[in-house]
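The values are calculated or read from the model by the stated rules, or taken from the named source; none is laboratory data. Everything numeric in this text was worked out from a predicted model, so none of it was measured. Note: ideal-geometry Cβ built from the backbone for every residue, glycine included; neighbour counts use all protein chains shown.
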């Protein structure tokens, strides 16, 4: 019979060779023979994490820590498991415990930095990742995470250096290339950024081409049929469907696969011949070429000063809009815009996507607590309307009961209904979610509340958006601090509500004219 030490040797050989199931069987046998074997339960937890069972990994490695709370490997790996499970606060605490015991514990400063970054604590993340890089200047993951954190902190030159160094260490790895793409795009360097962004398919391990058809890369397309399809979120589809009419103008027949929630609305987009979801895509006609929506800017050779952003490209259904006006008592006949309240729509939270820890953490950074929105509802001269969906809508229950907010969303079935309601609004105030794209794509004035580490599409250092002429950005000055943002919004909303209703568009135009790119300093509003 093998000794426990011999069993460990065999199990670890399996583990290091990637035979995780075989390793786990032996670790479990060791644990069955001696339930106090902390290393066996710890290694079982490592296997669970490597197989994507993050909750199980936390429980198993936590059991190892309970047996030996001074083992910095156990503490560091428990922190890593908690981070993978999206439990960033707990992860940070366990990394800190490991570092208190061993200030240079292997891998822990870098893991602490990446957990802080995921939790939105960017300045702290940069500090710890710098420390980790100083301990190991050629560690790929550390330099990659440092570059991302520096980019999100607005330190673009240092971010580029770190990402380029990571890229040089692993030339075939697409992740630093994709992060460099985001950096270039955020700076408005479209030519290089869009080309690098095409490496995202290597990163996901998927193919951009569908049904064996070639990708369209900007060549002559007259007389051919092209299939466009979504690959990312609802907001991305709403933003980049603007290119479909341009393809039709070049003589193409355009087919489009969209999310079910957008199907009815996007039927209004000029130039789309047939529209489907993935569920019924087989019924679409044959096509010659294909292109994911997010690759259209690259294929068109888009530059920041040539973004197609003129007329609104999404049209709410007039019949739906009239129906919603009747439901909400917004009969415009005989109504003088300057004699009624300013109708303002509000969205304070995005899709939490709790199944994806990274997306969930980002949503927490972009969403605003309703308690900070609520004072805006009492600005004199406005009529507040909720466009919020999901569990976050429950935060407004008391305000709705008090008559401060109208909520029509229980009867909304898809984005066509939301667009029909927004057609009657003078202004939409929203966080960075799909409604921002919906409202701006239909030409509604939009004030968007932006987190400090904003998505690349909003660029840096400007309060207007080249994508949407009717949008104004209200950016956080520092991560997590919505107070100054909401103060500026309240000030501006009061000024607009007390004036002529037509000044909403004029005010946004004035703000846009006052911005420059890149590197302008945003005014207080």
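Cβ separations smaller than 7 Å between residues 6+ apart or across chains give the following pairs from the range 242-255 residues that are touching a residue at least 12 places away in the same chain (Cβ under 8 Å) to residues that are surrounded by fewer than 18 Cβ atoms within 10 Å (Cβ to Cβ) and assigned to a strand (DSSP E or B): 253/273; 254/273; 255/273; 255/274.
Matching residues to (1) surrounded by fewer than 17 Cβ atoms within 10 Å (Cβ to Cβ); (2) modelled with pLDDT under 95; (3) in contact with a helix residue (DSSP H, G or I) (Cβ under 9 Å, 6 or more places away or on another chain):
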residue: 331; (1), (2), (3): yes, yes, yes
residue: 345; (1), (2), (3): no, no, yes
residue: 350; (1), (2), (3): no, yes, yes
residue: 357; (1), (2), (3): no, yes, yes
residue: 365; (1), (2), (3): no, yes, no
residue: 373; (1), (2), (3): no, no, yes
residue: 384; (1), (2), (3): no, no, yes
residue: 387; (1), (2), (3): no, no, yes
residue: 399; (1), (2), (3): no, no, yes
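All conditions in (1) at pLDDT below 95; (2) buried (at least 20 other Cβ atoms within 10 Å of the Cβ) hold for residue 476, with the sole exception of (2). Where helices (runs of 4 or more DSSP H) sit wholly within the range 1-112, those with at least 2 residues that are out of contact with any helix residue (DSSP H, G or I) (no Cβ under 7 Å at 6 or more places or on another chain) and either crowded, with 19+ Cβ neighbours inside 10 Å or on the phi < 0 side of the Ramachandran plot (or both) occupy 4-16, 20-33, 54-67, 88-101. With respect to the conditions (1) in contact with a strand residue (DSSP E or B) (Cβ under 9 Å, 6 or more places away or on another chain); (2) part of a loop (DSSP other than H, G, I, E, B); (3) at pLDDT 95 or above, residue 231 lacks only one, and its number is (3).
Considering each residue of the range 184-193 in turn, at least one proves to be over 20 Å from residue 293 (Cα atoms), in contact with a helix residue (DSSP H, G or I) (Cβ under 8 Å, 6 or more places away or on another chain) and either in contact (Cβ under 8 Å) with a residue 24 or more places away in the chain or crowded, with 16+ Cβ neighbours inside 10 Å (or both).
Looking only at the range 195-209, decide whether some residue is assigned to a strand (DSSP E or B), touching a strand residue (DSSP E or B) at 6+ places or on another chain (Cβ under 7 Å), touching a residue at least 24 places away in the same chain (Cβ under 8 Å) and more than 23 Å from residue 418 (Cα to Cα). Within the range 195-209, not a single residue is assigned to a strand (DSSP E or B), touching a strand residue (DSSP E or B) at 6+ places or on another chain (Cβ under 7 Å), touching a residue at least 24 places away in the same chain (Cβ under 8 Å) and more than 23 Å from residue 418 (Cα to Cα).
Looking at residue 78, is it more than 37 Å from the chain's Cα centre (by Cα) and within 30 Å of residue 124 (Cα to Cα)? So residue 78 does not fit the description; no.
Here residue 263 clears all of (1) part of a helix (DSSP H, G or I); (2) out of contact with any strand residue (DSSP E or B) (no Cβ under 7 Å at 6 or more places or on another chain) except the condition numbered (2). Count of the range 266-277 residues, restricted to those that are assigned to a helix (DSSP H, G or I) and farther than 25 Å from residue 439 by Cβ, is 0. Under 20 Å from residue 90 (Cβ atoms) and in the same structural domain as residue 86 (by TED's automatic domain parsing), is that true of residue 134? It is false that residue 134 is under 20 Å from residue 90 (Cβ atoms) and in the same structural domain as residue 86 (by TED's automatic domain parsing). Quick check, is residue 101 farther than 17 Å from residue 362 by Cα, in contact (Cβ under 8 Å) with a residue 24 or more places away in the chain and within 20 Å of the chain's Cα centre (by Cα)? Taking the combined requirement at face value, the residue does not satisfy it.
The rows are residues; the columns are (1) modelled with pLDDT under 95; (2) surrounded by fewer than 16 Cβ atoms within 10 Å (Cβ to Cβ); (3) farther than 26 Å from residue 361 by Cβ.
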residue	(1), (2), (3)
430	no, no, no
445	no, no, yes
462	yes, no, no
471	no, no, no
480	yes, yes, no
499	yes, yes, yes
511	yes, no, yes
517	yes, yes, yes
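Among the conditions (1) more than 30 Å from residue 466 (Cα to Cα); (2) out of contact with any helix residue (DSSP H, G or I) (no Cβ under 7 Å at 6 or more places or on another chain); (3) at pLDDT below 95, the only one that residue 341 does not satisfy is (1).
Residue-wise test of (1) modelled with pLDDT of 95 or more; (2) in the same structural domain as residue 437 (by TED's automatic domain parsing); (3) within 20 Å of residue 193 (Cα to Cα); (4) part of a loop (DSSP other than H, G, I, E, B).
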{"residue": "246", "(1), (2), (3), (4)": "yes, no, no, no"}
{"residue": "279", "(1), (2), (3), (4)": "no, no, no, no"}
{"residue": "296", "(1), (2), (3), (4)": "yes, no, yes, no"}
{"residue": "311", "(1), (2), (3), (4)": "no, no, no, yes"}
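Of the residues making up the range 113-136, just one is in a loop (DSSP other than H, G, I, E, B) and either farther than 20 Å from residue 366 by Cβ or at pLDDT 95 or above (or both), namely 136. Scanning the range 268-301 for residues that are out of contact with any helix residue (DSSP H, G or I) (no Cβ under 9 Å at 6 or more places or on another chain) and crowded, with 19+ Cβ neighbours inside 10 Å yields a count of 3.
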